[in-house]
1. Could you pull out the residue among Asn226, Asn182 that is of a type outside the set (A, V, I, L, M, F, W, C) and on the phi > 0 side of the Ramachandran plot?
2. Is it the case that some residue within the range 63-79 is out of contact with any His (no Cβ under 7 Å at 6 or more places or on another chain), closer than 17 Å to Phe118 by Cβ and part of a helix (DSSP H, G or I)?
3. Please specify each residue of the range 137-151 satisfying the condition of being modelled with pLDDT of 80 or more and either open to solvent by 40 Å² or more (accessible area, probe 1.4 Å) or polar (S, T, N, Q) (or both).
4. From Ser110, Ser122, which residue is modelled with pLDDT of 90 or more and of a type in the set (Ser, Thr, Tyr)?
5. So for the range 210-231 (the condition being under 19 Å from the mean Cα position of the chain (by Cα), among the aromatic types (Phe, Trp, Tyr) and either under 25 Å from Leu171 (Cα atoms) or in a helix (DSSP H, G or I) (or both)), does at least one residue qualify?
6. Do any residues in the range 77-100 that are among the polar types (S, T, N, Q) have Cβ atoms under 6 Å from those of residues that are open to solvent by 30 Å² or more (accessible area, probe 1.4 Å), where the two are at least six apart or on different chains, and which pairs are they?
7. Please verify whether the range 104-115 includes one or more residues that are without any contact (Cβ under 8 Å) to a residue 12 or more places away in the chain and of a type in the set (Asp, Glu).
8. Going through the range 24-42 one residue at a time, which ones are surrounded by 23 or more Cβ atoms within 10 Å (Cβ to Cβ) and in a helix (DSSP H, G or I)?
Amino acid sequence: MNNMLPLIWAGLIAFGVIVYVILDGFDLGIGILFPWVQDHEYRSIMMDTIAPVWDGNETWLVFGGATLYGAFPLAYSTLLPALYMPIMVMLGSLVFRGVAFEFRIKAHKSLFLWDLAFAGGSTMAAFCQGLILGTFIQGYFLIPGSAEAYGWLTPFSMATGIAVVFGYALLGSTWLIMKTENNLQKTMYQAAKILLFCVAVFMFIVSIWTPFIHPDIKIRWFSLPNFFYLLPLPAATIMTTLYAAYCLKHPTGKKEGLPFILSVLLFIFGYIGLGISTWPYIVPRQLTLWEAAANPKTLLFQLVGAIILLPLLITYSIYAYTVFRGKVHAGSGYH
């Protein structure tokens with residue numbers, strides 16, 4: 001049982017992270033798409049599609065951070081100092097974006113400033129999350145204040161940062177296809193086609209680049225028989241991308257939710273690929289799950305709390321999306 005507890009907690013954290021990425025991903029994507037849409041009424045509709053759920057989405061970020069600190073304190077103390085700057089910029093961007101969200105609804109002369117704050121905060125938060133992801137894959141964890149304290153800013157982490165911005169924008173555009181109608185929906189179909197192409201290009205670049213960062217990742221993916229065992233994952237990713245492109249090129253009213261579902265699947269496939277590359281490390285190439293875990297009594301005590309709180313969080317999320325389901329029209333928003 002003691003060996004299973006770190007595994008259970010790793011599963012819970014992994015679940016919390018992917019739920020956050022998907023839920024907050026599409027609402028950050030709404031902000032990233034703002035420069036694409038100039039009409040203020042359309043921008044208000046875009047924000048109204050996420051107004052009832054955006055703050056609830058971010059609770060999953062708190063869940064992931066808190067559980068990492070409680071269950072794997074050694075990993076937390078290693079990751080936080082190395083990633084301090086991108087994490088602080090990300091949190092500042094989220095706060096800035098949240099303020100813009102609330103103030104924009106009452107603004108008139110300063111409306112363009114709050115639009116700029118919302119778009120800028122969303123894009124910067126997404127980019128920082130990509131930087132953190134790239135740094136995590138690279139395994140760069142040094143003492144802050146050293147000459148190499150900016151090791152998180154590399155060509156690879158920049159590429160993953162841009163990839164996440166495109167990915168979130170794709171989630172946002174496909175979400176808006178599902179939630180809007182007429183000209184705004186047509187604009188999102190056009191945006192989603194371009195963004196899907198960009199996401200496919202960056203997924204290919206990062207997928208090819210990652211195995212060459214560390215020899216053990218390359219061996220894991222390209223040695224035999226692993227290559228054949230893992231081949232279904234990239235194959236499924238390619239098939240999903242092609243089907244998403246087909247759905248965007250041949251839109252039908254009955255399947256408006258399909259591009260969003262396929263976009264979510266692309267994120268899940270990428271997430272599984274990341275897990276395969278880094279397993280069994282929670283700090284790549286430095287600490288395994290078992291080495292970084294808290295003592296079994298602490299893990300068991302926290303698990304009791306998670307068993308109580310996690311179903312409440314899931315139930316609230318499902319309920320919120322159920323209540324506010326359907327198309328959003330001008331003037332019918334949450335505010």
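The values are calculated or read from the model by the stated rules, or taken from the named source; none is laboratory data. Small disclaimer: the values here were computed from a predicted structure and weren't measured. Every residue, glycine as well, gets a Cβ built from its backbone with ideal geometry; the counts of neighbours run over all protein chains shown. When the accessible area is computed, the model is the full protein with side chains, heavy atoms only, and any ligands, DNA or RNA have been set aside. Shrake-Rupley method; radii C 1.70, N 1.55, O 1.52, S 1.80 Å.
1. Asn182 is the lone residue from the list that is of a type outside the set (A, V, I, L, M, F, W, C) and on the phi > 0 side of the Ramachandran plot.
2. No, there is no match, as no residue in the range 63-79 is out of contact with any His (no Cβ under 7 Å at 6 or more places or on another chain), closer than 17 Å to Phe118 by Cβ and part of a helix (DSSP H, G or I).
3. Result: Gln138, single match.
4. Ser122
5. No, every residue in the range 210-231 fails to be under 19 Å from the mean Cα position of the chain (by Cα), among the aromatic types (Phe, Trp, Tyr) and either under 25 Å from Leu171 (Cα atoms) or in a helix (DSSP H, G or I) (or both).
6. Note: pairs meeting the criteria are Ser93/Met124.
7. The answer is no; no qualifying residue exists.
8. Asp24, Gly25, Phe26, Asp27, Leu28, Gly29, Ile30, Gly31, Ile32
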